[in-house]
Amino acid sequence: MADHVQGLAQLEILCKQLYETTDTTVRHQAEKALVEFTNSPDCLSKCQLLLERGSSSYSQLLAATCLSKLVSRTSNPLPLEQRIDIRNYVLNYLATRPKLAAFVTQALIQLYARITKLGWFDCQKDDYVFRNVIADVTRFLQDSVEHCIIGVTILSQLTNEIVCLQADTTHPLTKHRKIASSFRDSSLFDIFTLSCNLLKQASGKNLNLNDESQHGLLMQLLKLSYNCLNYDFIGTSTDESSDDLCTVQIPTSWRSAFLDSSTLQLFFNLYHSIPPSLSPLVLSCLVQIASVRRSLFNNAERAKFLSHLVDGVKRILANPQVCSRIPNNYPESARLAGEAEKQLPAGELVKVENYPEVIRLIANFTVTSLQHWEFAPNSVHYLLSLWQRLAASVPYVKATEPHLLETYTPEVTKAYITSRLESVHVILRDGLEDPLDDAGLVQQQLDQLSTIGRCEYEKTCALLVQLFDQAAQTYQELLQSTNSSPADITVQEGRLTWLVYIIGAVIGGRVSFASTDEQDAMDGELVCRVLQLMNLTDSRLAQAGNERLELAMLSFFEQFRKIYIGDQVQKSSKLYRRLSEVLGLNDETMVLSVFIGKIITNLKYWGQCEPITSKTLQLLNDLSLGYSSVRKLVKLSAVQFMLNNHTSEHFSFLGVNNQSNLSDMRCRTTFYTALGRLLMVDLGEDEDQFEQFMLPLTAAFETVAQMLSTNTFNEQEAKRTLVGLVRDLRGIAFAFNAKTSFMMLFDWMYPAYMPILQRAIELWYHDPACTTPVLKLMAELVHNRSQRLQFDVSSPNGILLFRETSKMITTYGNRILTLGEVPKDQVYGVKLKGVSVCFAMLKAVLSGNYVNFGVFRLYGDDALDNALQTFIKLLLSIPHSDLLDYPKLSQSFYSLLEVLTQDHMNFIASLEPHVVMYILSSISEGLTALDTMVCTGCCSSLDHIVTYLFKQLSRSTKKRRTPMATDDRFLNIMQQHPEMIQQMLSTVLNIIIFEDCRNQWSMSRPLLGLILLNEKYFADLRNSIVNSQPPEKQQAMHLCFENLMEGIERNLLTKNRDRFTQNLSVFRREVNDSMKNSTYGVNSNDMMS
């Protein structure tokens, strides 16, 4: 006993050291000791002692955290009786100690939620012991306010925990979704009804909201209501970064709560009666209610629901003081208004009672929010979204009632534009964060404004012309004045930056079918002004320039290019007439010369500014993609100058010594892709012109070769020269997608310069900034894009190219494996990125169709074996979790595996058992991946493996020939581990029956083979699914399975597969119809988990 007490005292000291000490060494030692405690065999008993006798809150927190880990582990899980005891103990502990430290209460509630979630399908004497959640908290709700808060928090945390993927990464996604679906069907509506009833009781009493505990209870009730409404009802697992304005997929069984207007009225009444600090929570609940799917109601019900909703929104907006008291109310009110508008198309919305008053209030609220941008920055997105949808629907409104948008939309446009201009001075004066620095936010708002601004475009255009002329005149006067302050100049440049962005946006909002000649002429007025401003700013670049204004110019040019440059544009457009009158630009060729002039100017003066350089080169790249524009560009003298002088002397960003790090050279690839396209226009078979173009790159290769041939060379300079060079070549290789031009490039590189690339991989394999560009160049060279790799019948170049590829993969793979253990936070950059490129390279060369791989074994060449063995070594060095955690790696791996199982199945069959099992496990895990491309690749690979197995089994039964040893070995592995194929059969069937299967055709292909290989297991699986249905539905489910196999023969011929795919489509539809009203369907038995 004394040992226990001493042990507890020691644990308490360690907890204090972990949470309180500022000495990192002491904290680290305490953490290490506590990790050992967590893994110790007597951890469970000691946790209970800590909770019973621990004197500090930190020791109670440790106990709760350790217990959460114990109940979550998948290896050696706790027995059911023990988990029930822990659940009951936690509830009693919370009930007898309502005044614990908040973080301890939270940790214990988290523990209860975790036990409940993971034990959701656990039975004891035919009773689901962890499902009586409302009964568990009833005693809390009938006690003091403190107990009530704990009870409500338990339900709120449990609702959150059930759908939270991040909280539980150890269990399969399918099990997580089954639990979430079952909880939704059996408990969630009861919990939501309970929270609404408690809120009604609370609002009916005269609560003393100055009392902290009563205030806390109301807050927890609102959180619970929100968590119920924000539940992931259909298993889409949307994350925080996705569009907030998504539809809430309320189940049909909840209709009663939404048809009854008292639910909606409850929250509107609460908004007007509770303290302002809680009103954002009420608004969040109202937003979710307003976002319910439209199909929940019929037309009459929806109109009634919307009428109540619009009336409530009107009451909120009519009382702006309540709205403005709390900053969070602005965005939530904006979202609520937006969701109310989304419920009905504009044509039906105008028929709603009080529509004129509501649209006036929304417009006033929008204008006020935009004008008070410093207090309500987060509401702008929702308000602009609302007006964007309204403006976009104007051409389609057929209602006789006036929509009034022609009155209010120009007010919104004006408020946005003037508020952005007025913000410039305040931001500079007060040193605030400049929204112009957030490119994503600015672009999002401009996309929304592009639609809003085109509504009543004459007014938008007149406003922009007036504001632009004022700002440009002031700017010019300041530049000419000798005593103007730099701050005044900066303010005017900021205002002009916003105006240029906005002009670009409204031009980009032009819709061809809805535009008139008058609107094109207005565009011309705006374009002329921006081009005149550009001439002014470009003339000053030698002295000074403004980076933000330049980025705005590039955004404007991009929008202008999309609308008025290219093959689809009417050259008779009034815009060109206006450009001709004002600036003398008579046709598209002259306008293109302005584009190229700007591009060259930017590359000359802004070569060291990465954002401007990359956007400028992207503009050049986009121009080079147009069929007609690229042919006009080539005729310009400025473009010929670029093609003949692409050196660092003329374009500083191509320099070797001026980059701060190697990754800054990425934009060179874009530059050379554009140059490659421009060169190809007139290149034909002119090898002299090609050689002339390649001179700077030839010189660079010779320089690197010379450096590498000596023992003493400047390593940094060699790396920079090589990385710049391979990035340039990758751009050219990407652009050369025709056989003639690509063969010129290939002959230029091979065999002269390939050894240099191989040598670089040998020397700098450990430096990804150097190896990744080299590997990516090789992957591009072997990619048979547009069938450009077609060698003559007498040419060995295809085989020689594969040898080089094999050599590079082998060299890199063997060396990168010598690095040993790489820290988790560096593993992708240092190792996995390069491995991913190697997989992509191998896939490209194996599927390129220009190498006969049978030649290698025939002539004893080990190039193919070396490449494939290196692939296996690299694969085995990667944990399964990493294969799916890194999207680029998973896509390159699974697409390579698809090619290997299709064309090199004999190689897969010859692998060691542990390697085969690794590959099959990776396919099994990939089947449930969220990335459809990965999932489809896995289906295809599995189909090839199953087909191969089926053929081998068919041949062995026919005894037509002696099977190869590899065939026997592969069959033996499969026979020794039938559970792997069986698990995949249950996984595929599970996805098709119970989940939102987005690639049903791909899933159907391997399923037939899996069934034919495991007929007994499939029969058991079918019976278990049928038996899991309610008795009245079992016959229907049995019939579904009968129909699935109707007319299916025991072979994998294409005709038979196609019939099975058709049967499966009908099967899935019938099963879903059968289970729609069943709470059993989604809770199938453990064989499916």
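The values are calculated or read from the model by the stated rules, or taken from the named source; none is laboratory data. Just so you know, these numbers come straight off a predicted model, no measurement behind them. Cβ: placed from backbone, ideal geometry, glycine included. Neighbour counts: every protein chain shown. When the accessible area is computed, the model is the full protein with side chains, heavy atoms only, and any ligands, DNA or RNA have been set aside. Shrake-Rupley method; radii C 1.70, N 1.55, O 1.52, S 1.80 Å.
Things to note:
- Residue match in the stretch 209-218 (condition: open to solvent by less than 10 Å² (accessible area, probe 1.4 Å), under 21 Å from VAL137 (Cβ atoms), modelled with pLDDT of 85 or more and assigned by the TED database to the domain that holds THR153): yes
- Yes/no for GLN473 being over 35 Å from the mean Cα position of the chain (by Cα) and open to solvent by 10 Å² or more (accessible area, probe 1.4 Å): yes
Here's the yes/no breakdown for (1) free of Cβ contacts under 8 Å to residues at least 40 places away in the same chain; (2) over 25 Å from TYR948 (Cα atoms):
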site	(1), (2)
SER986	no, no
LEU989	no, no
ILE1011	yes, no
GLU1032	yes, yes
PHE1041	yes, yes
GLY1047	yes, no
LYS1055	yes, no
ARG1069	yes, yes
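- Some residue of the stretch 708-722 being more than 41 Å from the chain's Cα centre (by Cα), surrounded by fewer than 21 Cβ atoms within 10 Å (Cβ to Cβ) and part of a helix (DSSP H, G or I): yes
- Filter result for VAL26 (over 23 Å from VAL133 (Cα atoms), at pLDDT 70 or above and open to solvent by 30 Å² or more (accessible area, probe 1.4 Å)): yes
- Listed here are the helices (runs of 4 or more DSSP H) enclosed by the stretch 1010-1089 that have at least 1 residues being touching a Lys or Arg at 6+ places or on another chain (Cβ under 6 Å) and at pLDDT 85 or above: 1031-1044.
- The one condition from (1) at pLDDT 80 or above; (2) open to solvent by 10 Å² or more (accessible area, probe 1.4 Å) that ASP244 does not meet is (1).
- Screening ARG785 against (1) open to solvent by 30 Å² or more (accessible area, probe 1.4 Å); (2) farther than 20 Å from ALA840 by Cβ leaves a single unmet condition, (2).
- Within the stretch 906-926, if we keep just the residues that are in contact with a His (Cβ under 9 Å, 6 or more places away or on another chain) and open to solvent by 10 Å² or more (accessible area, probe 1.4 Å), the residue that is nearest to ILE973 (Cα to Cα) turns out to be PRO913.
- Only residues that are among the β-branched types (Val, Ile, Thr) and open to solvent by 70 Å² or more (accessible area, probe 1.4 Å) were counted across the stretch 789-832, and they come to 2.
- Given (1) open to solvent by 30 Å² or more (accessible area, probe 1.4 Å); (2) farther than 27 Å from SER910 by Cα; (3) under 37 Å from the mean Cα position of the chain (by Cα), number of the condition GLN983 does not satisfy: (2)
- When residues in the stretch 425-436 are screened for being part of a helix (DSSP H, G or I), in contact with a helix residue (DSSP H, G or I) (Cβ under 8 Å, 6 or more places away or on another chain) and at pLDDT below 90, 4 of them pass.
- Matching residues in the stretch 97-155 - criterion: being of a type in the set (D, E, K, R), more than 40 Å from the chain's Cα centre (by Cα) and outside any loop (DSSP other than H, G, I, E, B): ASP127, ARG139, GLU146
- Count of residues meeting criterion [closer than 15 Å to PRO402 by Cβ, among the aliphatic types (A, V, I, L, M) and either open to solvent by less than 10 Å² (accessible area, probe 1.4 Å) or modelled with pLDDT under 75 (or both)] in the stretch 341-363: 6
- The stretch 108-137 residues that are small (Gly, Ala, Ser), paired with ones that are part of a helix (DSSP H, G or I) (beta carbon under 6 Å, 6 or more apart): ALA113/GLN157; ALA113/LEU158; ALA113/GLU161; GLY119/ARG83
- Criterion (open to solvent by less than 20 Å² (accessible area, probe 1.4 Å), at pLDDT 90 or above and in contact with a helix residue (DSSP H, G or I) (Cβ under 7 Å, 6 or more places away or on another chain)) met by exactly one of LEU463, LEU496: LEU496
- Checking LYS125 against (1) modelled with pLDDT under 85; (2) open to solvent by less than 10 Å² (accessible area, probe 1.4 Å), the condition it does not meet: (2)
- Filter result for PHE893 (within 18 Å of LEU868 (Cα to Cα) and either at pLDDT 90 or above or crowded, with 18+ Cβ neighbours inside 10 Å (or both)): yes
- Every condition in (1) within 26 Å of VAL129 (Cα to Cα); (2) open to solvent by 20 Å² or more (accessible area, probe 1.4 Å); (3) not assigned by the TED database to the domain that holds HIS176 holds for CYS47 except the one numbered (2).
- Listed by first and then second residue, the pairs linking a residue in the stretch 479-499 that is closer than 15 Å to HIS425 by Cβ and without any contact (Cβ under 8 Å) to a residue 24 or more places away in the chain to a residue that is open to solvent by 30 Å² or more (accessible area, probe 1.4 Å) and hydroxyl-bearing (Ser, Thr, Tyr), with Cβ atoms under 9 Å apart and 6 or more places separating them unless they lie on different chains, are ASP488/THR474; GLN492/THR474.
- Filter result for the condition that a residue is open to solvent by less than 40 Å² (accessible area, probe 1.4 Å) and touching a Leu at 6+ places or on another chain (Cβ under 6 Å), over ALA735, ALA760, ALA705: ALA760
- Of the residues making up the stretch 390-404, just one is more than 35 Å from the chain's Cα centre (by Cα) and modelled with pLDDT of 75 or more, namely LEU404.
- The stretch 600-618: number of residues that are open to solvent by less than 10 Å² (accessible area, probe 1.4 Å) and either out of contact with any Phe, Trp or Tyr (no Cβ under 9 Å at 6 or more places or on another chain) or more than 14 Å from PHE653 (Cα to Cα) (or both): 1
- Residue in the stretch 508-529 that is modelled with pLDDT of 90 or more and over 25 Å from SER419 (Cβ atoms) present: yes
- Here SER628, SER614 are screened, and the one residue that is closer than 30 Å to GLU525 by Cβ and either in contact with a strand residue (DSSP E or B) (Cβ under 9 Å, 6 or more places away or on another chain) or small (Gly, Ala, Ser) (or both) is SER628.
- Within the stretch 619-659, the set of residues being among the aliphatic types (A, V, I, L, M) and either open to solvent by 20 Å² or more (accessible area, probe 1.4 Å) or assigned by the TED database to the domain that holds MET694 (or both) comprises LEU625, LEU636, ALA638, VAL656.
- So SER203, is it modelled with pLDDT under 75 and either assigned by the TED database to the domain that holds THR153 or in contact with a strand residue (DSSP E or B) (Cβ under 7 Å, 6 or more places away or on another chain) (or both): yes
- Residues located in the stretch 265-304, provided they are open to solvent by 10 Å² or more (accessible area, probe 1.4 Å), under 20 Å from PHE189 (Cα atoms) and part of a helix (DSSP H, G or I): GLN265, LEU266, LEU281, SER284, GLN288, ARG294, SER295
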